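Worksheet: the structure to be examined is printed underneath.
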Amino acid sequence: MKKIIGIGSLGLILIITGYFLFVYYVPYSEGFRSGELIKISNKGVVFKTWEGEISQGVSESQRFFFSVEDDEEKVITLLKDLQGKNVKLTYIERFSTFPWLGDTKYFITQVEKTQ
């Protein structure tokens, strides 16, 4: 009986670990978005995450919401400096996210100022 519980527990741990590794390391898509950087903020109660949005047009429906991982210090600094300006963002989209990484599935990896 102990052997069955041990194998079952090990199997469950391997499945959970595999899920976390898959969600974190396997991107669903990669791409670019550009628009006016409206906001970048560090928000949260338990987990502080960097969240932002760009406007891609006139209407509210053309907004792109994104997250930035804490270890992307260069990207965070650039976003703070370029607030209110037009930017081109390089992002990866994950299948899902975790509360300690960010609110969205879109994670910014590079920022460029555009005209």
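Only the coordinates and a few stated rules stand behind these numbers; no lab work does. Just so it is clear, the structure is predicted and the values come from calculations on it, not from any experiment. Here Cβ is always computed from backbone atoms with ideal geometry, including for glycine, and neighbour counts include all displayed protein chains.
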Within the stretch 27-42, can you find the residues that are of a type in the set (Lys, Arg) and loosely packed, with under 12 Cβ neighbours inside 10 Å?
none
Residue under question is Phe47, and the condition is that it be among the aromatic types (Phe, Trp, Tyr), outside any helix (DSSP H, G or I) and touching a residue at least 40 places away in the same chain (Cβ under 8 Å); does it hold?
yes
Picking from Ile54, Ile7, which residue would you name as being of a type in the set (Val, Ile, Thr) and exposed (fewer than 14 other Cβ atoms within 10 Å of the Cβ)?
Ile7
Can you tell me which residue within the stretch 92-109, out of those that are in a strand (DSSP E or B) and closer than 17 Å to Ile38 by Cα, is farthest from the chain's Cα centre (by Cα)?
Ile108
